[in-house]
Amino acid sequence: MKKLFTYLTRQPFWVNLLTALALIFLIGFLFLKSLSWFTNHGEYLKVPAVKGQNVDNAIKILEAGGFDVVIQDSVYLDSIPRYTVIKQLPEPDATVKVNRTVFLTINRAAPPDVIMPKLEGLSFRFAYDMLQRNHLRLGDTIYRPDFMKGSVLEQQYDGGRITSGTKIPWGARITLIIGGGLQVEQMLVPDLVGMTFAEAKALLETKGITLASVIAMTTVRDTAAAYVYKQNPERFDIDKTTPLYIRPGQTMDLWLSPTPMDVDSLKQKDQKDLNQ
């Protein structure tokens with residue numbers, strides 16, 4: 001080392017300068033070469049197309065080609081098999097460096113839950129659009145006599161009414177009860193006295209009459225099995241001689257008791273109430 005220092009001090013300045021520049025160039029060249037070796041500089045691969053394949057097969061293909069794989073996201077489409085690759089990044093046939101990571105988006109195994117929107121009061125066309133935007137399907141459409149013609153009167157799922165905000169499966173079928181308008185023809189007011197509430201309700205539905213108020217005695221425990229002892233409008237007028245008529249879409253009120261009540265006893269009860 002001492003001899004090298006002595007040698008350098010005896011050389012002209014320009015020789016030392018050229019020697020220093022040569023050393024700097026050599027060190028830089030070796031550094032860049034080593035960096036290229038560590039980063040696989042100059043080595044490129046084409047990304048294989050794995051879109052539409054099962055995710056397990058896609059990972060095997062990508063890893064065999066020298067790529068790292070990350071499942072970035074998952075969505076749900078009911079039109080393709082589950083665990084299918086829906087999207088890849090970088091795109092197929094893109095030229096990238098070795099060991100580049102490929103991000104995959106796959107189809108979920110099970111549909112997610114969605115929130116039931118409020119359709120009641122909307123027009124049928126707008127309600128249908130709302131169903132599609134919320135990933136739901138239209139089931140049956142049932143028309144019921146009502147003055148709100150063309151509007152959704154009730155939304156049902158799995159045989160029962162469903163309220164907005166309820167979580168239901170993606171793609172569930174929703175039945176819509178739609179107003180069909182008031183019909184011009186009239187019908188005799190049905191005689192419901194003596195029927196069970198379940199029987200009376202079913203009869204009103206078949207005739208398109210809307211059930212309004214239900215007034216039950218305090219002793220009624222099972223409404224469906226309770227008996228109708230009074231209705232409004234009644235079957236006949238106040239003189240009990242002229243039958244009354246009603247139109248589909250109009251309403252009726254019912255009074256319920258736990259047991260069948262004799263008509264004569266009802267008349268006595270009404271007279272007693274008048275005298276009090």
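The values are calculated or read from the model by the stated rules, or taken from the named source; none is laboratory data. Owing to the predicted nature of the structure, the values given are computational and were not obtained by experimental measurement. As a convention, Cβ positions derive from the backbone with ideal geometry for all residues, glycine included, and neighbour counts pool all protein chains shown.
I'd like to check something: does region 215-237 contain any residue that is surrounded by fewer than 11 Cβ atoms within 10 Å (Cβ to Cβ), in contact (Cβ under 8 Å) with a residue 40 or more places away in the chain, farther than 19 Å from G180 by Cβ and out of contact with any helix residue (DSSP H, G or I) (no Cβ under 8 Å at 6 or more places or on another chain)? For region 215-237, residues surrounded by fewer than 11 Cβ atoms within 10 Å (Cβ to Cβ), in contact (Cβ under 8 Å) with a residue 40 or more places away in the chain, farther than 19 Å from G180 by Cβ and out of contact with any helix residue (DSSP H, G or I) (no Cβ under 8 Å at 6 or more places or on another chain): absent.
Can you say whether G52 is at pLDDT 90 or above and either out of contact with any strand residue (DSSP E or B) (no Cβ under 6 Å at 6 or more places or on another chain) or over 16 Å from N107 (Cβ atoms) (or both), as far as the supplied structure shows? Give the derivation first.
Values: at pLDDT 90 or above: yes; either out of contact with any strand residue (DSSP E or B) (no Cβ under 6 Å at 6 or more places or on another chain) or over 16 Å from N107 (Cβ atoms) (or both): yes.
The answer is yes for G52.
Looking at region 140-158, can you tell me whether even one residue there is within 30 Å of D73 (Cβ to Cβ), assigned to a loop (DSSP other than H, G, I, E, B) and under 13 Å from the mean Cα position of the chain (by Cα)? No.
Identify all residues within region 174-198 that are part of a strand (DSSP E or B), surrounded by 15 or more Cβ atoms within 10 Å (Cβ to Cβ) and either over 25 Å from the mean Cα position of the chain (by Cα) or not hydrophobic (A, V, I, L, M, F, W, C) (or both); write none if there are none.
Answer for region 174-198, where residues must be part of a strand (DSSP E or B), surrounded by 15 or more Cβ atoms within 10 Å (Cβ to Cβ) and either over 25 Å from the mean Cα position of the chain (by Cα) or not hydrophobic (A, V, I, L, M, F, W, C) (or both): T175, G179, T196.
Scanning region 83-110 for residues that are at pLDDT below 90 and either under 22 Å from W170 (Cα atoms) or among the small types (G, A, S) (or both), we see that the one that is nearest to the chain's Cα centre (by Cα) is A110. Only one entry of E91, E120 meets the criterion of being part of a loop (DSSP other than H, G, I, E, B) and within 13 Å of L176 (Cα to Cα), and that entry is E120.
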